[in-house]
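Worksheet: the structure to be examined is printed underneath.
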Amino acid sequence: MRVLFVASEAVPFAKTGGLADVIGALPQALMDLGVEVSVLMPAYGPVKQGKIPLKVAAEDLEGRLGWQPLAFSLLTPAAGDYPFWFVERDEFFERSQLYGTPKGDYFDNLERFAFFCSTVPACCQALGFWPDVIHCHDWQAALVPVYLRHRWQHTHLRGAKTLLTIHNLAYQGLFPKEKFPLLGLDWSLFTIDGLEFYDQVNLLKGGIVFADAISTVSRGYSKEIQTPEFGYGLEGVLRSRAEALFGIVNGVDYREWDPAADPYIPHRYSPEDLSGKVKNKMALMAAFNLDLRLANQPLFGIISRLADQKGFDLVAQVLPELMARDLPVVILGTGEEKYHRWLAQEEKKYPGKLGVKIAFDNALAHLIEAGADMFLMPSRYEPCGLNQLYSLKYGTVPVVRATGGLADTVAPVDVKKGTGTGFLFREYSAEAFIKAINEAVAAYRNRELWQQIMKNGMAQDWSWSASAREYLTLYERLRSG
Ligand code: ADP
(Lines give C-alpha, C1' and ligand atoms only; values in the text may rest on other atoms or scores of the structure.)
Protein backbone atom coordinates (compact mmCIF):
# COMPACT_ATOMS: atom_id res chain seq x y z
CA MET A 1 0.00 0.00 0.00
CA ARG A 2 1.42 3.34 -1.07
CA VAL A 3 -0.08 6.51 0.35
CA LEU A 4 0.75 10.11 -0.46
CA PHE A 5 -0.16 12.60 2.26
CA VAL A 6 -0.88 16.13 1.08
CA ALA A 7 -1.08 18.52 4.00
CA SER A 8 -0.28 22.10 4.96
CA GLU A 9 1.54 21.58 8.26
CA ALA A 10 3.42 18.91 10.20
CA VAL A 11 5.46 18.57 13.38
CA PRO A 12 8.44 19.14 13.63
CA PHE A 13 8.51 21.46 10.61
CA ALA A 14 5.59 23.90 10.92
CA LYS A 15 2.61 23.94 13.25
CA THR A 16 -0.41 26.06 14.03
CA GLY A 17 -2.65 23.35 15.49
CA GLY A 18 -3.61 19.72 15.87
CA LEU A 19 -3.31 19.00 12.13
CA ALA A 20 0.47 19.31 12.47
CA ASP A 21 0.52 16.75 15.29
CA VAL A 22 -1.43 14.32 13.14
CA ILE A 23 0.76 14.72 10.05
CA GLY A 24 3.84 14.47 12.25
CA ALA A 25 2.78 11.14 13.76
CA LEU A 26 0.32 9.21 11.58
CA PRO A 27 2.78 8.50 8.71
CA GLN A 28 5.15 6.72 11.10
CA ALA A 29 2.31 4.71 12.65
CA LEU A 30 1.28 3.64 9.13
CA MET A 31 4.85 2.76 8.19
CA ASP A 32 4.95 0.56 11.29
CA LEU A 33 2.07 -1.35 9.65
CA GLY A 34 4.04 -1.76 6.42
CA VAL A 35 2.46 1.12 4.47
CA GLU A 36 4.78 3.16 2.21
CA VAL A 37 4.13 6.82 2.96
CA SER A 38 5.36 10.10 1.47
CA VAL A 39 4.25 13.48 2.76
CA LEU A 40 4.00 16.61 0.65
CA MET A 41 3.79 20.05 2.22
CA PRO A 42 4.82 23.64 1.41
CA ALA A 43 8.34 24.90 2.14
CA TYR A 44 7.33 27.87 4.32
CA GLY A 45 9.93 30.28 5.65
CA PRO A 46 9.93 28.60 9.10
CA VAL A 47 10.44 25.19 7.43
CA LYS A 48 13.47 26.38 5.47
CA GLN A 49 14.94 28.25 8.43
CA GLY A 50 14.03 25.53 10.93
CA LYS A 51 16.26 23.26 12.98
CA ILE A 52 16.22 20.46 10.42
CA PRO A 53 18.46 21.29 7.45
CA LEU A 54 16.98 20.61 4.03
CA LYS A 55 18.51 19.71 0.69
CA VAL A 56 17.21 20.01 -2.84
CA ALA A 57 15.64 16.76 -4.07
CA ALA A 58 14.51 17.97 -7.50
CA GLU A 59 14.54 21.23 -9.44
CA ASP A 60 12.73 22.79 -12.37
CA LEU A 61 9.51 20.93 -11.77
CA GLU A 62 6.27 22.30 -13.08
CA GLY A 63 3.09 23.16 -11.22
CA ARG A 64 0.28 25.41 -12.33
CA LEU A 65 -1.79 28.36 -11.32
CA GLY A 66 -4.86 28.33 -13.49
CA TRP A 67 -3.50 27.07 -16.78
CA GLN A 68 -0.22 28.89 -16.37
CA PRO A 69 2.86 26.69 -15.73
CA LEU A 70 4.97 27.78 -12.75
CA ALA A 71 8.30 26.26 -11.74
CA PHE A 72 9.10 24.88 -8.29
CA SER A 73 11.68 22.82 -6.47
CA LEU A 74 11.28 19.94 -4.09
CA LEU A 75 13.22 19.95 -0.82
CA THR A 76 13.69 17.14 1.68
CA PRO A 77 15.48 16.81 5.04
CA ALA A 78 19.24 16.47 4.47
CA ALA A 79 19.52 13.71 7.08
CA GLY A 80 17.32 11.33 9.06
CA ASP A 81 14.59 9.24 7.51
CA TYR A 82 11.74 11.71 7.32
CA PRO A 83 9.45 10.79 4.41
CA PHE A 84 8.77 14.52 3.85
CA TRP A 85 8.98 16.58 0.68
CA PHE A 86 8.51 20.33 0.59
CA VAL A 87 7.24 22.34 -2.35
CA GLU A 88 9.45 25.38 -2.71
CA ARG A 89 8.25 28.45 -4.51
CA ASP A 90 9.22 31.50 -2.48
CA GLU A 91 6.67 33.80 -4.05
CA PHE A 92 3.98 31.76 -2.26
CA PHE A 93 5.57 30.19 0.79
CA GLU A 94 8.59 32.19 1.92
CA ARG A 95 6.67 34.04 4.65
CA SER A 96 6.91 34.10 8.41
CA GLN A 97 3.45 32.59 8.98
CA LEU A 98 1.58 29.71 7.38
CA TYR A 99 -1.81 31.20 6.55
CA GLY A 100 -1.85 34.79 7.74
CA THR A 101 -1.19 37.19 10.62
CA PRO A 102 -3.41 37.94 13.67
CA LYS A 103 -4.96 40.69 11.54
CA GLY A 104 -6.21 38.24 8.91
CA ASP A 105 -5.46 35.68 6.24
CA TYR A 106 -2.96 36.29 3.45
CA PHE A 107 -4.75 37.80 0.44
CA ASP A 108 -3.50 35.12 -1.95
CA ASN A 109 -4.27 31.91 -0.05
CA LEU A 110 -6.28 30.55 -2.97
CA GLU A 111 -3.32 31.05 -5.28
CA ARG A 112 -0.89 29.58 -2.74
CA PHE A 113 -2.79 26.38 -2.09
CA ALA A 114 -4.17 25.88 -5.59
CA PHE A 115 -0.58 25.96 -6.75
CA PHE A 116 0.46 23.59 -3.94
CA CYS A 117 -2.21 21.06 -4.98
CA SER A 118 -1.28 21.40 -8.64
CA THR A 119 2.25 20.13 -7.94
CA VAL A 120 1.17 16.59 -7.00
CA PRO A 121 1.67 14.87 -10.41
CA ALA A 122 5.09 16.47 -10.93
CA CYS A 123 6.14 15.49 -7.40
CA CYS A 124 5.03 11.86 -7.89
CA GLN A 125 6.90 11.78 -11.19
CA ALA A 126 10.07 13.25 -9.64
CA LEU A 127 9.95 10.85 -6.69
CA GLY A 128 8.92 7.83 -8.74
CA PHE A 129 6.18 7.39 -6.15
CA TRP A 130 2.76 6.53 -7.58
CA PRO A 131 0.31 6.20 -4.69
CA ASP A 132 -2.67 3.88 -4.37
CA VAL A 133 -4.32 6.46 -2.16
CA ILE A 134 -3.80 10.21 -1.85
CA HIS A 135 -4.73 11.23 1.66
CA CYS A 136 -5.58 14.95 1.61
CA HIS A 137 -6.02 17.08 4.70
CA ASP A 138 -8.30 20.10 5.11
CA TRP A 139 -9.16 22.80 2.57
CA GLN A 140 -5.54 23.49 1.71
CA ALA A 141 -5.33 20.07 0.04
CA ALA A 142 -8.99 19.72 -0.98
CA LEU A 143 -8.37 20.58 -4.63
CA VAL A 144 -6.42 17.35 -5.09
CA PRO A 145 -9.56 15.16 -5.44
CA VAL A 146 -11.03 17.76 -7.81
CA TYR A 147 -7.90 17.86 -9.96
CA LEU A 148 -7.62 14.09 -9.97
CA ARG A 149 -11.11 13.79 -11.45
CA HIS A 150 -10.94 16.74 -13.81
CA ARG A 151 -7.33 17.39 -14.77
CA TRP A 152 -5.11 14.42 -14.08
CA GLN A 153 -6.95 11.61 -15.82
CA HIS A 154 -4.21 11.36 -18.45
CA THR A 155 -1.45 10.93 -15.81
CA HIS A 156 -0.21 7.88 -13.92
CA LEU A 157 -2.37 9.08 -11.02
CA ARG A 158 -5.50 8.10 -12.90
CA GLY A 159 -6.14 4.96 -10.84
CA ALA A 160 -5.36 6.53 -7.45
CA LYS A 161 -8.12 6.91 -4.87
CA THR A 162 -8.56 9.96 -2.64
CA LEU A 163 -9.41 10.32 1.03
CA LEU A 164 -10.12 13.81 2.36
CA THR A 165 -9.78 14.22 6.11
CA ILE A 166 -11.54 17.20 7.63
CA HIS A 167 -9.75 18.35 10.76
CA ASN A 168 -11.98 21.38 11.25
CA LEU A 169 -15.05 22.09 9.16
CA ALA A 170 -15.08 25.77 10.11
CA TYR A 171 -12.11 26.38 7.83
CA GLN A 172 -13.35 25.81 4.28
CA GLY A 173 -11.15 27.89 2.00
CA LEU A 174 -13.82 30.40 0.89
CA PHE A 175 -12.90 32.88 -1.84
CA PRO A 176 -14.65 35.34 -4.18
CA LYS A 177 -15.88 33.75 -7.39
CA GLU A 178 -13.74 36.14 -9.44
CA LYS A 179 -10.83 33.93 -8.39
CA PHE A 180 -12.34 30.74 -9.79
CA PRO A 181 -10.36 30.97 -13.09
CA LEU A 182 -7.15 30.71 -11.05
CA LEU A 183 -8.07 27.11 -10.26
CA GLY A 184 -7.76 26.03 -13.88
CA LEU A 185 -11.15 24.32 -13.81
CA ASP A 186 -14.06 24.60 -16.19
CA TRP A 187 -16.83 26.98 -15.11
CA SER A 188 -19.22 24.03 -15.30
CA LEU A 189 -17.78 22.99 -11.93
CA PHE A 190 -18.89 26.26 -10.37
CA THR A 191 -22.36 25.02 -9.47
CA ILE A 192 -24.16 23.87 -6.37
CA ASP A 193 -23.05 20.30 -7.19
CA GLY A 194 -19.43 21.45 -7.44
CA LEU A 195 -17.34 24.17 -5.80
CA GLU A 196 -19.95 26.88 -5.62
CA PHE A 197 -21.17 27.90 -2.17
CA TYR A 198 -23.55 30.86 -1.98
CA ASP A 199 -21.86 32.49 -4.96
CA GLN A 200 -18.38 31.96 -3.57
CA VAL A 201 -15.67 29.40 -4.27
CA ASN A 202 -15.48 26.75 -1.54
CA LEU A 203 -12.41 24.55 -1.87
CA LEU A 204 -13.33 22.16 0.94
CA LYS A 205 -16.70 21.56 -0.66
CA GLY A 206 -14.95 20.61 -3.90
CA GLY A 207 -12.97 18.02 -1.97
CA ILE A 208 -16.08 16.68 -0.23
CA VAL A 209 -17.90 16.29 -3.53
CA PHE A 210 -15.07 14.63 -5.46
CA ALA A 211 -13.08 12.60 -2.92
CA ASP A 212 -13.65 8.86 -2.92
CA ALA A 213 -14.03 8.95 0.85
CA ILE A 214 -14.15 11.60 3.55
CA SER A 215 -13.21 11.32 7.19
CA THR A 216 -13.18 13.45 10.30
CA VAL A 217 -11.04 13.09 13.37
CA SER A 218 -13.60 11.57 15.73
CA ARG A 219 -16.76 9.56 15.28
CA GLY A 220 -18.82 12.06 17.26
CA TYR A 221 -17.76 14.94 15.00
CA SER A 222 -18.49 12.91 11.86
CA LYS A 223 -22.10 12.71 13.02
CA GLU A 224 -22.33 16.29 14.29
CA ILE A 225 -21.20 17.85 11.01
CA GLN A 226 -24.23 16.37 9.27
CA THR A 227 -26.46 18.69 11.34
CA PRO A 228 -27.08 22.43 10.85
CA GLU A 229 -25.59 23.26 14.27
CA PHE A 230 -22.11 21.99 13.32
CA GLY A 231 -22.27 21.74 9.53
CA TYR A 232 -21.37 25.36 8.68
CA GLY A 233 -23.66 25.19 5.68
CA LEU A 234 -22.10 21.99 4.37
CA GLU A 235 -24.34 19.60 6.32
CA GLY A 236 -26.42 18.84 3.22
CA VAL A 237 -23.39 17.95 1.07
CA LEU A 238 -21.99 15.86 3.89
CA ARG A 239 -25.27 14.04 4.39
CA SER A 240 -25.40 13.30 0.69
CA ARG A 241 -22.03 11.57 1.10
CA ALA A 242 -22.85 9.88 4.41
CA GLU A 243 -22.08 6.39 3.07
CA ALA A 244 -18.50 7.52 2.31
CA LEU A 245 -18.03 9.54 5.52
CA PHE A 246 -16.01 8.01 8.38
CA GLY A 247 -14.80 9.06 11.82
CA ILE A 248 -11.35 7.98 13.01
CA VAL A 249 -10.14 9.48 16.25
CA ASN A 250 -6.68 11.08 16.42
CA GLY A 251 -3.99 9.40 18.45
CA VAL A 252 -1.21 10.78 20.59
CA ASP A 253 2.46 10.57 19.77
CA TYR A 254 3.68 9.29 23.14
CA ARG A 255 7.28 9.75 22.00
CA GLU A 256 6.48 13.48 22.35
CA TRP A 257 3.95 13.41 25.15
CA ASP A 258 4.88 11.15 28.06
CA PRO A 259 5.59 12.53 31.54
CA ALA A 260 7.93 9.62 32.26
CA ALA A 261 10.26 10.61 29.40
CA ASP A 262 9.49 14.27 28.66
CA PRO A 263 12.69 16.29 28.08
CA TYR A 264 10.83 19.62 28.45
CA ILE A 265 9.76 19.18 32.08
CA PRO A 266 12.00 19.52 35.14
CA HIS A 267 10.60 16.48 37.01
CA ARG A 268 9.56 13.26 35.30
CA TYR A 269 6.80 11.14 36.81
CA SER A 270 4.61 8.12 36.18
CA PRO A 271 1.44 6.55 37.61
CA GLU A 272 3.65 4.52 39.98
CA ASP A 273 5.39 7.62 41.32
CA LEU A 274 3.44 10.84 41.02
CA SER A 275 5.78 12.86 43.25
CA GLY A 276 7.27 14.73 40.27
CA LYS A 277 3.92 16.21 39.39
CA VAL A 278 3.67 18.51 42.38
CA LYS A 279 7.26 19.66 41.80
CA ASN A 280 6.32 20.55 38.24
CA LYS A 281 3.36 22.45 39.65
CA MET A 282 5.77 24.58 41.68
CA ALA A 283 7.96 25.14 38.62
CA LEU A 284 4.92 26.10 36.57
CA MET A 285 3.61 28.51 39.21
CA ALA A 286 7.06 30.09 39.44
CA ALA A 287 7.30 30.37 35.64
CA PHE A 288 4.06 32.40 35.67
CA ASN A 289 4.91 34.38 38.84
CA LEU A 290 1.94 32.91 40.67
CA ASP A 291 1.62 33.24 44.43
CA LEU A 292 3.08 30.01 45.85
CA ARG A 293 0.79 30.30 48.86
CA LEU A 294 -1.95 29.13 46.49
CA ALA A 295 -0.10 25.88 45.82
CA ASN A 296 -2.59 23.82 47.82
CA GLN A 297 -5.37 24.99 45.53
CA PRO A 298 -6.04 23.15 42.27
CA LEU A 299 -4.19 24.81 39.39
CA PHE A 300 -6.11 25.15 36.10
CA GLY A 301 -4.30 25.11 32.76
CA ILE A 302 -5.32 26.18 29.26
CA ILE A 303 -3.28 25.77 26.08
CA SER A 304 -5.15 26.87 23.02
CA ARG A 305 -5.52 28.74 19.82
CA LEU A 306 -7.29 31.90 20.88
CA ALA A 307 -10.37 31.53 18.71
CA ASP A 308 -14.12 31.64 19.36
CA GLN A 309 -14.28 27.89 18.78
CA LYS A 310 -12.38 27.22 21.98
CA GLY A 311 -15.01 28.77 24.26
CA PHE A 312 -13.14 31.80 25.58
CA ASP A 313 -16.39 33.65 26.13
CA LEU A 314 -17.18 31.02 28.78
CA VAL A 315 -13.68 31.33 30.23
CA ALA A 316 -14.22 35.11 30.45
CA GLN A 317 -17.48 34.56 32.32
CA VAL A 318 -16.13 32.12 34.90
CA LEU A 319 -12.75 33.78 35.43
CA PRO A 320 -13.90 36.42 37.98
CA GLU A 321 -15.41 33.69 40.14
CA LEU A 322 -12.29 31.52 39.99
CA MET A 323 -10.17 34.54 40.90
CA ALA A 324 -12.49 35.51 43.76
CA ARG A 325 -12.13 31.99 45.15
CA ASP A 326 -8.30 32.07 44.83
CA LEU A 327 -8.29 29.31 42.24
CA PRO A 328 -5.16 29.94 40.11
CA VAL A 329 -5.21 29.70 36.31
CA VAL A 330 -2.47 29.66 33.66
CA ILE A 331 -3.24 30.32 30.00
CA LEU A 332 -0.92 29.82 27.03
CA GLY A 333 -2.27 30.82 23.66
CA THR A 334 -2.07 32.84 20.54
CA GLY A 335 -4.60 33.77 17.91
CA GLU A 336 -7.14 36.51 17.45
CA GLU A 337 -6.09 39.98 18.50
CA LYS A 338 -9.23 40.66 20.57
CA TYR A 339 -8.22 37.81 22.89
CA HIS A 340 -4.64 39.04 23.13
CA ARG A 341 -5.91 42.40 24.39
CA TRP A 342 -8.43 40.84 26.76
CA LEU A 343 -5.92 38.46 28.34
CA ALA A 344 -3.29 41.18 28.78
CA GLN A 345 -5.89 43.22 30.70
CA GLU A 346 -7.05 40.33 32.85
CA GLU A 347 -3.52 39.39 33.80
CA LYS A 348 -2.96 42.86 35.24
CA LYS A 349 -6.18 42.61 37.27
CA TYR A 350 -5.21 39.38 39.01
CA PRO A 351 -1.49 39.37 39.80
CA GLY A 352 -0.29 36.17 41.40
CA LYS A 353 -3.46 34.28 40.52
CA LEU A 354 -3.70 34.46 36.75
CA GLY A 355 -0.72 33.71 34.53
CA VAL A 356 -0.91 34.51 30.83
CA LYS A 357 1.52 33.95 28.01
CA ILE A 358 0.60 35.07 24.51
CA ALA A 359 2.89 32.89 22.43
CA PHE A 360 3.25 29.60 20.67
CA ASP A 361 5.61 27.80 23.02
CA ASN A 362 5.88 24.03 22.86
CA ALA A 363 8.17 23.69 25.89
CA LEU A 364 5.78 25.72 28.03
CA ALA A 365 2.86 23.65 26.72
CA HIS A 366 4.60 20.55 28.08
CA LEU A 367 5.21 22.23 31.44
CA ILE A 368 1.55 23.22 31.72
CA GLU A 369 0.42 19.66 30.99
CA ALA A 370 2.84 18.42 33.64
CA GLY A 371 2.22 21.08 36.29
CA ALA A 372 -1.49 21.84 36.16
CA ASP A 373 -4.02 19.81 38.15
CA MET A 374 -6.86 20.31 35.72
CA PHE A 375 -7.14 21.24 32.07
CA LEU A 376 -9.99 23.43 30.86
CA MET A 377 -11.43 22.98 27.36
CA PRO A 378 -14.93 24.46 27.08
CA SER A 379 -15.01 24.29 23.26
CA ARG A 380 -18.11 25.26 21.29
CA TYR A 381 -17.23 22.38 19.02
CA GLU A 382 -14.17 20.14 18.88
CA PRO A 383 -13.38 17.88 15.93
CA CYS A 384 -11.05 15.76 18.09
CA GLY A 385 -8.92 17.87 20.41
CA LEU A 386 -5.48 16.78 21.45
CA ASN A 387 -4.80 18.63 24.64
CA GLN A 388 -7.38 16.64 26.57
CA LEU A 389 -5.58 13.47 25.42
CA TYR A 390 -2.21 14.85 26.51
CA SER A 391 -3.83 15.87 29.79
CA LEU A 392 -5.03 12.32 30.43
CA LYS A 393 -1.49 11.01 30.03
CA TYR A 394 -0.10 13.70 32.35
CA GLY A 395 -2.64 13.09 35.12
CA THR A 396 -4.07 16.55 34.49
CA VAL A 397 -7.78 15.99 34.80
CA PRO A 398 -9.76 17.45 31.87
CA VAL A 399 -12.81 19.60 32.46
CA VAL A 400 -14.40 19.76 29.02
CA ARG A 401 -17.57 20.41 27.11
CA ALA A 402 -19.23 17.21 25.93
CA THR A 403 -18.89 17.80 22.20
CA GLY A 404 -17.20 16.04 19.26
CA GLY A 405 -13.92 14.37 20.13
CA LEU A 406 -14.03 15.63 23.71
CA ALA A 407 -17.18 13.61 24.39
CA ASP A 408 -15.61 10.60 22.64
CA THR A 409 -12.39 10.61 24.67
CA VAL A 410 -13.17 11.87 28.18
CA ALA A 411 -15.20 9.50 30.34
CA PRO A 412 -17.34 11.20 33.01
CA VAL A 413 -16.17 10.69 36.58
CA ASP A 414 -18.41 8.78 38.92
CA VAL A 415 -17.27 9.94 42.35
CA LYS A 416 -18.96 7.07 44.17
CA LYS A 417 -17.34 4.37 42.07
CA GLY A 418 -14.04 6.19 41.46
CA THR A 419 -14.36 5.57 37.73
CA GLY A 420 -13.98 7.96 34.81
CA THR A 421 -11.27 10.31 33.60
CA GLY A 422 -12.70 13.82 33.59
CA PHE A 423 -15.57 16.25 34.13
CA LEU A 424 -17.97 17.11 31.32
CA PHE A 425 -20.76 19.61 30.77
CA ARG A 426 -23.19 19.63 27.90
CA GLU A 427 -24.98 22.97 27.68
CA TYR A 428 -22.85 25.81 26.29
CA SER A 429 -23.24 28.14 29.27
CA ALA A 430 -21.15 29.60 32.06
CA GLU A 431 -23.47 27.97 34.62
CA ALA A 432 -22.90 24.50 33.22
CA PHE A 433 -19.16 25.14 32.97
CA ILE A 434 -18.82 26.37 36.56
CA LYS A 435 -20.89 23.42 37.78
CA ALA A 436 -18.39 21.00 36.18
CA ILE A 437 -15.50 23.00 37.63
CA ASN A 438 -17.10 22.83 41.08
CA GLU A 439 -17.49 19.07 40.84
CA ALA A 440 -13.84 18.80 39.86
CA VAL A 441 -12.71 21.04 42.72
CA ALA A 442 -14.76 19.01 45.21
CA ALA A 443 -13.18 15.78 43.92
CA TYR A 444 -9.73 17.37 44.14
CA ARG A 445 -10.22 17.94 47.90
CA ASN A 446 -10.54 14.16 48.30
CA ARG A 447 -6.91 13.14 47.74
CA GLU A 448 -7.57 9.45 47.36
CA LEU A 449 -10.38 9.92 44.85
CA TRP A 450 -8.34 12.47 42.93
CA GLN A 451 -5.33 10.19 42.59
CA GLN A 452 -7.67 7.48 41.34
CA ILE A 453 -9.08 9.81 38.66
CA MET A 454 -5.55 10.84 37.65
CA LYS A 455 -4.48 7.24 37.36
CA ASN A 456 -7.59 6.25 35.40
CA GLY A 457 -6.59 8.81 32.76
CA MET A 458 -2.90 7.95 32.81
CA ALA A 459 -3.66 4.27 32.25
CA GLN A 460 -5.48 4.94 28.98
CA ASP A 461 -3.88 4.26 25.64
CA TRP A 462 -4.67 6.80 22.93
CA SER A 463 -1.59 5.95 20.88
CA TRP A 464 -1.80 6.00 17.10
CA SER A 465 -1.62 2.25 16.54
CA ALA A 466 -5.37 1.54 16.71
CA SER A 467 -6.31 4.57 14.59
CA ALA A 468 -3.57 3.85 12.04
CA ARG A 469 -5.06 0.39 11.61
CA GLU A 470 -8.47 1.94 10.95
CA TYR A 471 -6.97 4.20 8.28
CA LEU A 472 -5.28 1.22 6.67
CA THR A 473 -8.58 -0.66 6.53
CA LEU A 474 -10.14 2.37 4.86
CA TYR A 475 -7.28 2.66 2.33
CA GLU A 476 -7.69 -1.03 1.48
CA ARG A 477 -11.39 -0.61 1.00
CA LEU A 478 -10.76 2.35 -1.32
CA ARG A 479 -8.11 0.53 -3.33
CA SER A 480 -10.34 -2.45 -3.92
CA GLY A 481 -13.50 -0.36 -4.41
P1 ADP B 1 -6.65 22.80 17.29
O2 ADP B 1 -6.04 21.95 16.23
O3 ADP B 1 -8.09 23.11 17.08
O4 ADP B 1 -5.86 24.05 17.56
P5 ADP B 1 -6.02 20.60 19.11
O6 ADP B 1 -6.28 20.42 20.56
O7 ADP B 1 -6.45 19.50 18.19
O8 ADP B 1 -6.64 21.99 18.68
O9 ADP B 1 -4.45 20.76 18.88
C10 ADP B 1 -3.77 21.87 19.30
C11 ADP B 1 -2.30 21.54 19.31
O12 ADP B 1 -1.55 22.76 19.27
C13 ADP B 1 -1.86 20.83 20.55
O14 ADP B 1 -0.73 20.05 20.27
C15 ADP B 1 -1.49 22.01 21.47
O16 ADP B 1 -0.59 21.62 22.48
C17 ADP B 1 -0.85 22.94 20.51
N18 ADP B 1 -0.95 24.34 20.87
C19 ADP B 1 -2.01 25.17 20.71
N20 ADP B 1 -1.70 26.42 21.12
C21 ADP B 1 -0.43 26.38 21.53
C22 ADP B 1 0.47 27.37 22.06
N23 ADP B 1 0.09 28.63 22.24
N24 ADP B 1 1.73 27.00 22.37
C25 ADP B 1 2.11 25.70 22.20
N26 ADP B 1 1.31 24.73 21.71
C27 ADP B 1 0.06 25.07 21.38
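How high is the relative contact order of the stretch 258-394, in percent, counting Cα pairs under 8 Å that sit 6 or more residues apart?
Numbers: 209 pairs, mean separation 45.7, N = 137.
About 33 percent, as a whole number.
Taken over the stretch 202-315, the percentage of Cα pairs per 10 Å bin, counting from 0 up to the bin with the maximum distance, is 11, 25, 24, 19, 18, 3.
Determine the order of 23, 358 by accessible area, beginning with the largest, at a probe radius of 1.4 Å. Don't skip to the end; give the middle numbers.
Details: 23 0, 358 70 Å².
So, going from the largest accessible area down, we get 358, 23.
Computed as a quarter of the hull surface, the mean projected area of the alpha carbon convex hull for the stretch 376-454 stands at 4.5 nm². Across the stretch 1-104, the mean sequence separation of Cα contacts (distance under 8 Å, 6 or more residues apart), normalised by length, yields a relative contact order of 26 percent.
Charge tally around residue 373: other residues with Cβ under 12 Å, Lys/Arg +1 each, Asp/Glu -1 each, net +3.
Taking all protein chains into account, the per residue accessible area for the chain stands at 40 Å² (1.4 Å probe). What shape does the stretch 109-228 have by the C-alpha gyration tensor, where a ≥ b ≥ c are the square roots of the eigenvalues, rounded means a/c under 1.5, and otherwise prolate means a/b greater than b/c and oblate the rest? Since a/c reaches 1.5 but b/c is at least a/b, the shape of the stretch 109-228 is classed as oblate. Kindly express, to the nearest 10 degrees and within the range 0 to 90, the angle between helix 312-324's C-alpha long axis and the longest C-alpha principal axis of the chain. That works out to roughly 10 degrees. Would you mind checking the tilt of helix 275-287 against the longest principal axis of the Cα atoms of the chain, expressed as 0 to 90 degrees and rounded to 10? The two axes meet at around 80 degrees. Excluding residue 333 itself, calculate the net charge of residues whose Cβ lies under 11 Å from the Cβ of residue 333, where each Lys or Arg counts +1 and each Asp or Glu counts -1. After counting each charged neighbour, the total is +1.
Could you please state how large a percent of the accessible area of the stretch 152-193 is carbon and sulfur, counting protein chains only and using a 1.4 Å probe?
Values: 1210 of 2050 Å².
In the stretch 152-193, the share of accessible area belonging to carbon and sulfur is 59 percent.
With respect to the chain, whose longest principal axis is taken over its alpha-carbon atoms, helix 337-349 is tilted by about 10°.
For the stretch 39-198, what is the convex hull volume of the alpha-carbon atoms per residue, in Å³?
Numbers: hull volume 20.9 nm³, N = 160.
Cα-based convex hull of the stretch 39-198, divided per residue, equals 131 Å³.
Can you give the net charge of the other residues whose Cβ lies under 13 Å from the Cβ of residue 76, counting K and R as +1 and D and E as -1? Charge balance in the 13 Å sphere: -1.
Please state the equivalent ellipsoid semi-axes for the stretch 324-377: what are the square roots of 5 times the Cα gyration tensor eigenvalues, largest first, in whole Å?
Numbers: eigenvalues 60, 55, 15 Å².
The answer is 17, 17, 9 Å, longest axis first.
Given a cut-off of under 8 Å on Cα pairs at least six residues apart, what relative contact order in percent is computed for the chain?
Working: 941 pairs, mean separation 59.2, N = 481.
It comes to 12 percent, rounded to a whole number.
Given the peptides 25-31, 404-410, arrange them by the average over their residues of other C-beta atoms within 10 Å, most packed first. Walk me through the numbers on the way to the answer.
Numbers: 25-31: 21.7, 404-410: 24.9.
Order by mean packing, descending: 404-410, 25-31.
Counting only lysines at least 8 places from residue 349 when in the same chain, those with an alpha carbon closer than 25 Å to its own are 281, 310, 338, 357, 435.
Volume per residue, Å³, of the convex hull around the alpha-carbon atoms of the chain? Don't skip to the end; give the middle numbers.
On the way: hull volume 68.2 nm³, N = 481.
So the per-residue hull volume is 142 Å³.
With Cα atoms as the point set, the stretch 310-466 shows a radius of gyration and Dmax of 15.1, 46 Å.
Determine the percent antiparallel among the DSSP beta bridges restricted to the chain, to the nearest 5. Could the numbers behind the result be given before it?
Values: 22 of 70 bridges.
Restricted to the chain, the bridges split so that about 30 percent are antiparallel.
With both labels modelled 7 Å from their Cα along Cα-to-Cβ, the residue 317 to residue 179 distance reads 3.5 nm.
The values are calculated or read from the model by the stated rules, or taken from the named source; none is laboratory data. Model, not experiment: these values are computed from the prediction. For neighbour counting, all protein chains shown are included, and Cβ atoms are generated from backbone atoms with ideal geometry for every residue, glycine included. All accessible areas refer to the heavy atoms of the entire protein, side chains included, with ligands and DNA or RNA removed. Shrake-Rupley method; radii C 1.70, N 1.55, O 1.52, S 1.80 Å.
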